[in-house]
Amino acid sequence: MNNNIDNATLKEEKRAEFKEWFEFQKKELVKNINIVKQLVLRSIKVQYRNSVIGVFWTILNPLLNMLVMYLVFSSMFAGRGTTQIEQATYPLHLLCGNIVFGMMRNATVQSLPSIVQNRGLLTKNKMSYNVFPLSYALSAVVNFGFSFIALLGVMLVVWIQGQAVFSLNIFLVFVGLPALFLFCYGLSLILSAMYTFFRDISHFYNVFLTLWMYLTPIFYTINMFEGAGPAGAMMKTVIRLNPMYYYVEYFRDVVYRCSAHAYALENMEATEQLSMVATNTQEYLSMVEAATLPGFGETATIYLIGLVTLLVGAIVFMGTKRKFIYNI
């Protein structure tokens, strides 16, 4: 009986501590909101200082990266494990994956040394340490917005070529974007905290990012491993353990994939060509699956990943921040 009372008391104390920490975070965020705004603006300005075209690099960069990837990988991967519609919209496949992964990369790479690089501000002013990784995560969201303009331009070109990909589904991007932000911010908290104690982590992280990019289906699809035996099954498992896989696939679905396949199926029904596709059951089922918007399960998955990452990041950051001042 006493043990039950003690456990109940302990749980209540933990709830009270968490509530107190959460309220403190809200107060700190409100108090430092202007600082965060200034840091976001500074981050964006610094990226394009002394640049001729300035912020337009945020639009041009993903386009150039997409072009390079298209030239290198289109002949190898554009037709493997995909439907005919996805082959025709391969540039969108590349660009969606590139800007989603790029947002995570920009947020974490800039946040990594943020505590150490701003030691002057931290020692001379009373402010929360987490405003720096937060500001870089938010500036990555701003850059994502500019890159999305480039994506719309490529969508327009694909539409002119005969693939109707514009749809109201695209507004579901704003449903998934907060989940991606939570994930990026959580990672930023972890990395910035670790960097204050281990400077070498920046070198390891750059190598890890390269590996992470290749394990994320940016220029290929996970379906290409179908029928590849045990090695293919293992690769599919590894990719599904990669959190960025779920973000990339969600954004592809809502931006172009579902609307393009739905349009193709409607055309086949209208022109009575569906029976031709039905003779190939796997192709038809793949098209139907691709034409289905992400449901509650897919949306809940990306939010769960983001929230868990943020919780772990907050625990790591709050548990080590008292020692920052001795290491920066």
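The values are calculated or read from the model by the stated rules, or taken from the named source; none is laboratory data. Being a predicted model, the structure only gives us computed values, none of them experimental. Cβ placement follows ideal geometry from the backbone for every residue including glycine, while neighbour counts extend to all protein chains displayed.
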Do you know which residues across the range 54-89 are at pLDDT 75 or above and buried (at least 22 other Cβ atoms within 10 Å of the Cβ)?
-> Pro62, Met66, Thr89
Report yes if Ser275 is among the small types (Gly, Ala, Ser), more than 25 Å from Val158 (Cα to Cα) and either surrounded by 14 or more Cβ atoms within 10 Å (Cβ to Cβ) or modelled with pLDDT of 90 or more (or both), otherwise no.
-> no
The lone exception for Cys184 - which of (1) farther than 30 Å from Thr292 by Cα; (2) at pLDDT 95 or above it fails = (1)
Per the filter on the range 224-243, residues among the hydrophobic types (A, V, I, L, M, F, W, C), surrounded by 13 or more Cβ atoms within 10 Å (Cβ to Cβ) and within 19 Å of the chain's Cα centre (by Cα) are Ile239
Does Tyr284 satisfy the criteria of being of a type in the set (Ser, Thr, Tyr), under 26 Å from Val158 (Cβ atoms), modelled with pLDDT of 90 or more and surrounded by 17 or more Cβ atoms within 10 Å (Cβ to Cβ)?
-> no
